Every structure is written in C-alpha cells, then in structure tokens.
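Asks: Structure provided below as structure tokens; questions to follow.
Each value in this text was obtained by applying a stated rule to the coordinates, not by laboratory testing. As the structure is a prediction and not an experimental result, all values here were calculated from the model. All Cβ positions, even for glycine, are placed from backbone atoms using ideal geometry, and neighbour counts span all protein chains on display.
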C-alpha cells in the first residue's frame, strides 16, 4: 500500500554525490526537524523529467523556500553518479538536492515503485511529489502512469 498523508517516512539509506564521491545519507537526517518537498521521477535524463519536472523545481525553488520549505529533494532510482551529473547539467546544486535511490529501497518502502522492464528500465519510481514535515507526510500527489499533472512544482507551491 502506498504511503499516505499522516504516514512517517521510512528509515533507509540513500546516496548523494559530493565532490569526493557518493556519501550515505539517511532519511532520518534528511527529514527530521524540517519541512521538505520531495519529488520523485522515473529516471534522470529521461524526456519529461529533464524537460519539465526537475527544471520546474529549480525554477520555483526560491518560491518554495519563501513558503517555509527547508529542503527540496529530487529522488530517482538511479545511482549517485548519474544523479550528480544530471544535477550539474541543470545547475541544481544549491536549489535542489539530488538523491539517488539506486536499489529502490526507499521507493519500495513507500510503495511507489513501478516495473518498467518492458521499456528496458527495470524497477523505477512512479512520478510523485510529497511535502514532509518533521518526517511525516502532510501532502502527497501521485501522477497517473505516463502523466505529469499533479507532481509539478507549481501544483506543490499552490498547496503550501
């Protein structure tokens, strides 16, 4: 069953690319004591994700922070090297934290995994966005398969 409003974020280890290489980052560290917008997508460098989803959050990052958001996280079932390169390509560095869920542990734990093996992508994340306050989901928007309608930055901004 997918994670829902009022649920606590599961405790798992993810990866973040740093100058000296990937570092472990615990979800407890990312979400504890702060307001976080996390958006997840099927894959770095994929068409909708690269043209709209990530750029939208980069563009609206100042507006989201002005509404009391402490951190904006982009999560994908990719490795930290790919997420780091994708973030650099889009100049996300100080605006959106690029987090890798390489083994889909977080994605499976929140029940938002999807099997895209038919397209050669394996297990990936559904497209969604959530607002998390001190580790508890206060809003979650999950897009229908092959859609990009409710997880965009403007929709989340409007909900704050």
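Asks: Using the alpha-carbon centroid of each, what span in Å lies between segment 111-160 and segment 1-62?
Replies: Between the Cα centre of segment 111-160 and that of segment 1-62, the gap is 10 Å.
Asks: I would also like to ask the following. I need 24, 63 ordered by Cβ neighbour count within 10 Å, fewest first.
Replies: 24, 63
Asks: For the chain, what does -39500 (n - 2.57) per DSSP helix run (n ≥ 4), summed and divided by total residues, give at 222 nm, in deg cm²/dmol to the nearest 500?
Replies: That comes out to -6000 deg cm²/dmol.
Asks: Right, something else. What is segment 13-159 by shape, rounded, prolate or oblate, if you read a ≥ b ≥ c off the alpha carbon gyration tensor as root eigenvalues and call it rounded for a/c under 1.5, prolate for a/b larger than b/c, and oblate otherwise?
Replies: rounded
Asks: Here's something else I'd like to know. Rounded, prolate or oblate: which fits segment 99-149 when a ≥ b ≥ c are the square roots of the eigenvalues of the alpha-carbon gyration tensor, with rounded for a/c under 1.5 and prolate only if a/b beats b/c?
Replies: Oblate, because a/c is 1.5 or more while a/b does not exceed b/c.
Asks: Same structure again: Residues of segment 145-160 with backbone nitrogen within less than 11 Å of a virtual label 7 Å along the Cα-to-Cβ line of residue 48, please, listed as ranges.
Replies: Inside the label zone: 145-152.
Asks: While we're here: Given the options 20, 35, 67, state which has the largest fluctuation in a GNM of the chain using a 10 Å cut-off (strictly under) for Cα springs.
Replies: Of 20, 35, 67, the Gaussian network model singles out 20 as fluctuating most.
Asks: Please check: in the Gaussian network model of the chain (C-alpha springs, under 10 Å), which one of 93, 16, 126 has the largest mean-square fluctuation.
Replies: Greatest mean-square fluctuation among the candidates belongs to 93.
Asks: Residue 123 to residue 32: extension gain in nm, 0.36 nm per residue of separation minus the Cα-Cα distance?
Replies: Full extension of this stretch gives 30.0 nm more.
Asks: Can you compute the FRET efficiency between residue 23 and residue 89 using 1/(1 + (r/R0)^6), with r the Cβ-Cβ distance and R0 = 25 Å? Round to the nearest 0.05.
Replies: 0.80
Asks: Let me ask something additional. How far apart, in nanometres, would the label points at residue 70 and residue 160 be if each is projected 7 angstrom from Cα along the Cα-to-Cβ direction?
Replies: Here the modelled spin labels are 1.4 nm apart.
Asks: Is the shape of segment 20-86 best called rounded, prolate or oblate, per the rule: a/c under 1.5 gives rounded, else a/b larger than b/c gives prolate, else oblate, with a ≥ b ≥ c the square roots of the Cα gyration tensor eigenvalues?
Replies: oblate
Asks: While we're here: Just the number, please: percent antiparallel of the DSSP beta bridges in segment 13-159, rounded to the nearest 5.
Replies: 70
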